[in-house]
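Structure first, then comments.
The values are calculated or read from the model by the stated rules, or taken from the named source; none is laboratory data. Remember, predicted model here, so these are calculated numbers, not experimental data. Here the Cβ positions follow ideal geometry from the backbone for every residue, glycine too, while neighbour counts run over all protein chains shown. For the accessible areas, the whole protein counts, side chains as well, though only heavy atoms, and no ligand, DNA or RNA atoms are used. Shrake-Rupley method; radii C 1.70, N 1.55, O 1.52, S 1.80 Å.
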Amino acid sequence: LTTSRYPGTTLDAVHIPLDDGHDIIDTPGIVYNHRLTEVVPRGVLQALLPDKPIKQVVYQLNEQQTLFIGSLARFDFAQGPRQSFTLYTSNALPIHRTKLERADQLFADHRGEMLAPPTREQLEEIPAWTRHRLTIKRGSDMDVVISGLGWIRINDTSGAILDVYAPKGIRVMLREALI
């Protein structure tokens, strides 16, 4: 059998006979077009898919601060009291913090270089970003999920307004906190 950490490796049903006359069937995975792993070039998957346990990273943010996850996504803390956010993403993805007022210029100047992966050439294969405005209600215990990338835990229940940028078509949503 072919084994791989990359999605889409199994292309057809593989029957594995057992001694009792039954079979185990290894089937192809399901492709979700709203998942980041389906739209990035194969060279980016190495950084996107964790190969060891994820170590969460905590950031204390003031409003009007931004986190870049490589050049794959952007998280803007637009409004709310100072609070912490925990990121659960592959350890191979660098996180860069900046002020919101500098975020657009930083991305224009450093995407695919300091803000990588992906590289500038690989970025051409990925759809442009779409903004998702998320309102976290006071008293709620929530995660922001970026499909195929990971999630961000909002560690405070005082409420916030967030803008999350991800490639067009990638699902960005709120859910009740897992952890």
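On the basis of being charged (D, E, K, R), touching a strand residue (DSSP E or B) at 6+ places or on another chain (Cβ under 6 Å) and at pLDDT 95 or above, does ARG133 make the cut? The answer is yes for ARG133.
With respect to the conditions (1) under 22 Å from GLU125 (Cα atoms); (2) at pLDDT below 85, LEU11 falls short on a single one, namely (1). Annotation note: Cβ proximity below 6 Å between a residue of the range 92-120 that is at positive phi and a residue that is open to solvent by 40 Å² or more (accessible area, probe 1.4 Å) (sequence gap 6+ or interchain) occurs for GLY112/THR119; GLY112/ARG120. Look at (1) farther than 25 Å from PRO53 by Cβ; (2) in a strand (DSSP E or B); (3) not polar (S, T, N, Q) and you find that ASP143 fails only one, number (1). Does ARG153 fit the bill of being part of a strand (DSSP E or B), surrounded by 12 or more Cβ atoms within 10 Å (Cβ to Cβ) and not acidic (Asp, Glu)? So ARG153 passes the test. Checking the stated criteria, VAL144 turns out not to satisfy the condition of being touching a residue at least 60 places away in the same chain (Cβ under 8 Å), in contact with a Leu (Cβ under 9 Å, 6 or more places away or on another chain), open to solvent by 30 Å² or more (accessible area, probe 1.4 Å) and among the β-branched types (Val, Ile, Thr). Just to be sure, is GLY80 under 22 Å from SER158 (Cα atoms), touching a residue at least 12 places away in the same chain (Cβ under 8 Å) and among the small types (Gly, Ala, Ser)? Considered against the rule, which asks whether it is under 22 Å from SER158 (Cα atoms), touching a residue at least 12 places away in the same chain (Cβ under 8 Å) and among the small types (Gly, Ala, Ser), GLY80 comes out as yes. Applying the selection to the range 162-179, what residues are open to solvent by 20 Å² or more (accessible area, probe 1.4 Å), assigned to a strand (DSSP E or B) and in contact with a Lys or Arg (Cβ under 7 Å, 6 or more places away or on another chain)? TYR165 - this is the single residue of the range 162-179 that is open to solvent by 20 Å² or more (accessible area, probe 1.4 Å), assigned to a strand (DSSP E or B) and in contact with a Lys or Arg (Cβ under 7 Å, 6 or more places away or on another chain).
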